[in-house]
Structure formats: C-alpha cells, structure tokens
Amino acid sequence: MRGALSNRKQHSNCGDDGGASRPAGTGHYLEPRLRPASSNLREVRKAQMHRVFETLVEQLSASVDAVDLHEAMASAAAGFDFPFFAYFTYPSASGDTPRLISNYPSSWTSHYLQLRYHSVDPVILRGLRGWDTFDWGVDRDHRYLPTSQQEVLEKAAEFGIRGGLTMSMHDHRGRFAALTFASNEAHPPLLRSLTRYEKAMQLVAINVHIHARRRLAEDCVVDGITLTPREFECLKWAACGKSAWDISQILGVSKRTVTFHQENAKAKLGVRTINQAIVRMAARARS
C-alpha cells in the first residue's frame, strides 16, 4: 500500500507552510532516528524486511484486481507491525475523485473523500513536493501547520490513525501516488527502524505502485459493459484458444472458478456461448 540500504537525509516539516523557513530541527515533523542497540537487532530488522518484501512481490505478481492488491498491502503492513495501510493516487484533473485502497475505517475514508481532505492533508501535501519517505504523527509539533491541516490529523486520530510512515512517488507523467503504513500509536514500534531504510521502503512503494497502475488501469469494458478483471482475463485466455482447464492452470484457480467467471461474462454481454463473447471482445479490439 514498506536490498540497498541508506541513511535518510533530513526533510522539512510536513505540510504546506507557505515556504516559510526555520532552523533545522525546530518544529521538525520527523522524530530523530536512534541507532539500533546492537548489530543483532539490525540483522533481525533486515531479515524481517526481506521476508515481508519477498512475500509482497509474490502477492503483487499474482494479483489481478483491487481486492488482491488490498490483501497484499495489508499483509505487508502487518509484517511491519502496522495495523493500517493506504495507497492513494492523486486525481489527475481538478474535481476528480482520488483513488484510495486502504483498510482504514470506512467511516473515515468516506468522510475523507467526501470532504476532499486530500487538498489539505499535510501528509499528502508533503508528498506532492517530490519523492520522499517520512514519518508523521498527530502529537508532533504542528505549530507551523495551518489550522486546516492540523484538523485533518486530529480528525484521523479520532478514527485510530495517529501516526505512520509514508512513501511518496511521482512518475514521468507527473502523476502522484503515496503508500502509507499507519498505526493507532503515535510512535509505532518499528517506525524508527524502518525510517533508516529509505531506499528499501521506496522500493516497496514502487512495486505496489507499478502493479496498482497496471491492475487498476485495465480496460475491462466491452461495448459499454464493465467486466471484472478476472472475467475479462478468462475471456482473453479463451480467445487464445485455451480451455477452461488450461486457464485454471495458468491462473492457479479451479476449473469451476474459471467457468464461473466465464458464465458471468456471458450473462453481462447477453450472449449464450464463449465464442459469441470472444467475437464481442474482438469487435471491441478492432473499434
């Protein structure tokens, strides 16, 4: 929704402070990092990150839709001892709704999106400045944040989201996304350890972002009818001459599951056979 390791550079305060400058460390949004007590602890942390990252890559590679992405990011967050995660993509056009995949309380996410809090969320505003990995918390010194930004953090805390680690990303087209691992604790146990590994956590975020872009951008519309990614995938393989059994082996699911998705696709397209559904897909590809 978090290899090569490196120490992180100091960053400026989170939020839009209108460009005001201040002495380094004054009202700083990040906690000072402490070195692990021993080399053994460092090795344990590195091994833990490696296991979580390896599992995440496997789950992302096998994902086909937002549900699979949700499960992969939730698993990674839990591996880092964070109960919450959020993958946020900023709307490309003013007025568009952001895309959010998270396990935050639904009452909070609906409230957040409805009131368009992303426009004043200090975590999002900081991420918009450029590639960054930073930690944040409701109990940090926010004297340099506008009142509207402080209120977003305080409101999130009411829903149990009190602190976390965010990795922001910007692609070559200028599109922005952020992956956050969050906690109901202002100072999550692994936070200081994780913030030591900026490059590794950015690698986690990049992998999530790449797979999310591919999965969420899938064009699953045939003649104005939207199919699920799995229904569309089953039809595509059928168009390649694969039987239901062949497709089940390719996708790692049962033959019954493949048949289920193909039947749903036929019903949505208003056809009686798989071949008729394939013809509809082929006509779409030519148009």
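Arranged from highest to lowest average of other beta-carbon atoms within 10 Å per residue, in what order do the peptides 269-275, 115-121 appear? The partial results should precede the final answer.
Details: 269-275: 13.4, 115-121: 17.1.
Top of the packing list down: 115-121, 269-275.
Once you have the Kirkwood Rh of region 219-287 from its Cα pairs, apply Stokes-Einstein at 20 °C and 1.002 mPa s and quote D in µm²/s. Numbers along the way, then the final one.
Values: Rh = 11.7 Å.
In µm²/s, the coefficient is 183.
So what is the accessible area of region 142-287 per residue, in Å², with the probe set to 1.4 Å?
Solvent-accessible surface per residue comes out at 50 Å².
Could you tell me what percent of the accessible area of region 143-261 is made up of carbon and sulfur, with a 1.4 Å probe and every protein chain present? It would help to have the intermediate numbers written out before the result.
Values: 2810 of 5590 Å².
That share works out to 50 percent.
Looking at region 166-247, I'd like the Rg to Rh ratio, where Rg is from alpha-carbon atoms and Rh is Kirkwood's inverse mean 1/r. Numbers along the way, then the final one.
On the way: Rg = 18.9 Å, Rh = 16.1 Å.
Using Cα coordinates only, the ratio equals 1.18.
Kindly report, to the nearest 10 Å², the accessible surface of K255 as traced by a 1.4 Å probe over protein heavy atoms only.
Rounded to the nearest 10, the figure is 110 Å².
Once you have the Cα-Cα distance between N184 and Q150, take 0.36 nm times their residue separation minus that, and quote the gain in nm to one decimal.
Values: separation 34, 0.36 × 34 = 12.24 nm, distance 1.71 nm.
Length gained between N184 and Q150: 10.5 nm.
Once label points are set 7 Å from the Cα along Cα→Cβ at both Q48 and F260, what is their separation, rounded to one decimal in nm?
With each label placed 7 Å out from Cα toward Cβ, I get 3.6 nm.
Using only alpha-carbon positions, what ratio does the radius of gyration of region 88-200 give when scaled by 2.2 N^0.38 Å? Write out the running numbers ahead of the final one.
Working: Rg = 13.7 Å, N = 113, 2.2 N^0.38 = 13.3 Å.
Taking N as the residue count of region 88-200, the ratio is 1.03.
Give the peptides 204-215, 167-178 in descending order of average Cβ contacts within 10 Å, highest first. Please report the intermediate quantities before stating the final value.
Working: 204-215: 19.4, 167-178: 16.4.
Sorting 204-215, 167-178 by mean packing, highest first, produces 204-215, 167-178.
Scaled to the compact-protein estimate 2.2 N^0.38 Å, what is the alpha-carbon radius of gyration of region 46-138, rounded to two decimal places? Write out the running numbers ahead of the final one.
Details: Rg = 14.6 Å, N = 93, 2.2 N^0.38 = 12.3 Å.
That works out to 1.19 for region 46-138.
Along Cα→Cβ, 7 Å out, is where each label goes; now give me the distance between the ones at R213 and W131 in nm to one decimal.
The modelled label-to-label distance comes out at 1.3 nm.
How charged is the neighbourhood of I250? Take every other residue with its Cβ under 10 Å from the Cβ of I250, and add Lys/Arg as +1 and Asp/Glu as -1.
Numbers: positive: K242; negative: E233, D246.
Residues close to I250 contribute a combined charge of -1.
Dipole of region 180-287 (Lys/Arg Cβ +1, Asp/Glu Cβ -1, origin at the Cα centre): which of L190, Q202, G252 lies farthest to the positive side?
G252
Within region 67-128, what whole-number % of the accessible surface is contributed by carbon and sulfur, with the 1.4 Å probe and all protein chains included in the calculation? Walk me through the intermediate numbers first.
Numbers: 1330 of 2600 Å².
Carbon plus sulfur share of accessible area: 51 percent.
What FRET efficiency comes out for R192 versus N275 if R0 is 41 angstrom and r is the Cβ-Cβ distance? Round to the nearest 0.05. Show your work: numbers first, answer last.
On the way: r = 59 Å, r/R0 = 1.45.
Rounded to the nearest 0.05, the efficiency is 0.10.
The values are calculated or read from the model by the stated rules, or taken from the named source; none is laboratory data. These numbers were taken from a predicted model, which means no experiment stands behind them. Neighbour counts run over all protein chains shown; Cβ positions are idealised from the backbone, glycine included. These accessible areas exclude ligands, DNA and RNA; they are computed on the full protein's heavy atoms, side chains included. Shrake-Rupley method; radii C 1.70, N 1.55, O 1.52, S 1.80 Å.
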